[in-house]
Amino acid sequence: MNFFNYRNGELYCEDVKVRTIAGRTGTPVYIYSTRTLRRHYDVFKRAFAGTVPLICYSVKANPNIAIISLFSSMGAGADIVSGGELFRAVRAGVEGREMVYSGVGKTAGEIRSALKNDILMFNAESLEELDAVDAVAGGLGLKAPVSIRINPDIDPRTHPYISTGLKKNKFGIDIRYARDAYVYARSKPNLKIVGVDMHIGSQLTDVSPIVSALRRVLGLVRGLGRDGIDIRYMDIGGGLGITYKDEQAAQPDRYAGAIEGALKGFGVKLILEPGRVLVGNAGILATKVLYRKQNGTRRFMIVDAGMNDLIRPSLYDAYHEILPVIETSARRFQQDVVGPICESGDFFAHRRSLPLLERGQMIAVMSAGAYGFSMSSNYNSRKRAAEVLVDGEDYYVIRKRETDSDLTRGERIPSFIKVRSTDA
Ligand SMILES: *Cc1c(COP(=O)(O)O)cnc(C)c1O
């Protein structure tokens, strides 16, 4: 469910025409719907009404501080994976006590800032990381709250690049050695064991792998209890999928029901780290047709957004629905929708049936709210797109389009190179 709809043949975000926004910001532009974001958060939260979990929004899905802050205003915490995300979450008004810190490669500096911000817990992913957290905490005279991310060796049946809970993946500690890892953590003077963590992958459309993984991890929790290691927080990560095309995505209700069922009898506080399910269908990428052409039998629609703006099709062969911003009765053709970047992998769709649009007309790449702008880059020295948040009849630029000088910010030509033009 989202609030991108046609009215009188024209695509709106809530009560604002996509065309109006693009007229102001130019294209490409990411447009997010507040009403959709709020609704997704409410539905997700209400599904768990039986357990009252801490919902830590997974910042990497869409890290704009306006988005983090919207969820925070609704009661969410944050799941962060870097010092940069910590900075953003703090800027967005999230309390340290509502942050969990995941990721396999936390640096000493990042660990220090997280401790200074009094985060709820580190989800540690290796014994050496436990050493590092212990050392930094010792230096600050603090006890660091830790949980250990378990790799439960469960196949989440999603794209291999976003599968994280198999023992061939880099994530977490192999469940067979998890007890040893906890005993090791207990031996560290500056660590305080508070939880257990898992996250088996993203865009999961079936809850059963999550439940299987959870049961394995709960078996571990029971064993730890016998060893006198009490687990207060059970963090089960994120990963709930959405409908991009025709996937039957698991509904939050079913997901919540299955998890609450598995957790019965365990006196743990549940932590969730949803990302995509909250923001994915709450955003679109609006882009303009630059040119049309035909090479052999292939018909190309060349648009002004590229893989640097939205890399999911190139990276995961992901499907995104594409809609003309103004409905048209123009004849439909199988078309490749491609960007301006010098890579054949720069595409949004292959052989998609779309009306033959004119130059200057716009399309909307749908379901672009998660892992869209957040994975964008400056490849081909393209300025990253503007981001706009719509709220009813109002809209706000929440990130300006980058400028030429943003592109070279921080770069220097060393003095041994003779610069020829004085315009440089
Ligand atoms: C990416 C990630 C999430 C969010 O995943 P979604 O599929 O967007 O819900 C949650 N937890 C961790 C540890 C992650 O790496």
* **Theoretical ellipticity at 222 nm over the chain - DSSP helices of four or more residues, -39500 (n - 2.57) apiece, nearest 500** => -8000 deg cm²/dmol
* Asked: Using alpha-carbon positions, what is the distance between the centroids of the stretch 33-65 and the stretch 337-360, in Å?
  -> 33 Å
* Going toward the positive end of the dipole of the stretch 34-277, with +1 on Lys and Arg Cβ and -1 on Asp and Glu Cβ, which of Gly257, Ala135, Gly223 do you reach last? -> Gly257
* **Approximate shape of the stretch 34-277 as ellipsoid semi-axes (Cα gyration tensor, √5λ), whole Å, largest first** => 26, 22, 16
* **Of Lys245/Lys269; Lys45/Lys170; Lys60/Lys106; Lys45/Lys188, pairs whose Cα-Cα distance is over 25 Å** => Lys245/Lys269; Lys45/Lys170; Lys45/Lys188
* Using only Cα positions of the chain, each an equal point scatterer, no hydration layer, compute I(q)/I(0) via Debye at q = 0.10, 0.12 Å⁻¹ and quote the log10 values to two decimals. => -0.74, -1.00
* Asked: What is the magnitude of the charge dipole of the chain about its Cα centre, with +1 placed on the Cβ of each Lys and Arg, -1 on the Cβ of each Asp and Glu, and no other charges, expressed in debye to the nearest 20?
  -> 440 debye
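Could you calculate the FRET efficiency of Arg91 with Thr297 from 1/(1 + (r/R0)^6), where r is the beta carbon distance between them and R0 is 51 Å, rounded to 0.05?
Efficiency, rounded to the nearest 0.05: 0.50.
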* **Accessible area expressed per residue, the chain, with surrounding protein chains retained (probe 1.4 Å, Å²)** => 45 Å²
* Sequence-distant or interchain residues sharing an amide H contact under 5 Å with Val194, placed H: which? -> Val146, Ser147
* To do: Mind jotting down the distance between the C-alpha centroids of the stretch 280-315 and the stretch 105-126, whole Å?
  => 39 Å
* Asked: Cα to Cα, under 18 Å, and not fewer than 8 places away if on the same chain: which lysines meet these conditions relative to Lys383?
  -> Lys288, Lys400
* Structure fact -> The summed charge of the Phe3 Cβ neighbourhood (under 11 Å; Lys/Arg +1, Asp/Glu -1) stands at 0
* Structure fact -> Computed over the chain: longest principal axis from alpha-carbon atoms vs helix 34-47 long axis, angle to nearest 10 degrees, is 30 degrees
* **Sulfur and carbon atoms: percent of accessible area, the chain [1.4 Å]** => 47 percent
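Any chance you could run the full-extension gain for Glu393 through Arg409? It's 0.36 nm times the residue separation minus the Cα-Cα distance, nm to one decimal.
2.2 nm
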* Alpha carbon centre of the stretch 1-28 versus the stretch 185-201: separation in Å? -> 46 Å
* Asked: Label point 7 Å out from Arg232 along Cα-to-Cβ: which residues of the stretch 169-196 have amide N under 12 Å?
  -> 192-196
* To do: Would you mind getting me the FRET efficiency between Arg19 and Asp180? Use the beta-carbon distance for r and R0 = 56 Å, nearest 0.05.
  => 0.40
* Asked: With each pseudo-label sitting 7 Å past Cα toward Cβ, what's the Leu290-Asp317 distance in nm, one decimal?
  -> 2.7 nm
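From largest accessible area down, sort Thr36, Thr205, Thr297; use a 1.4 Å probe on the protein chains.
Details: Thr36 0, Thr205 50, Thr297 130 Å².
From most exposed to least exposed: Thr297, Thr205, Thr36.
The values are calculated or read from the model by the stated rules, or taken from the named source; none is laboratory data. Fair warning: this is a prediction, and the values are worked out from it, not measured in the lab. Virtual Cβ from ideal backbone geometry, glycine too; neighbours counted across all protein chains shown. What goes into the accessible areas is simple: the full protein's heavy atoms, side chains included, and nothing from ligands, DNA or RNA. Shrake-Rupley method; radii C 1.70, N 1.55, O 1.52, S 1.80 Å.
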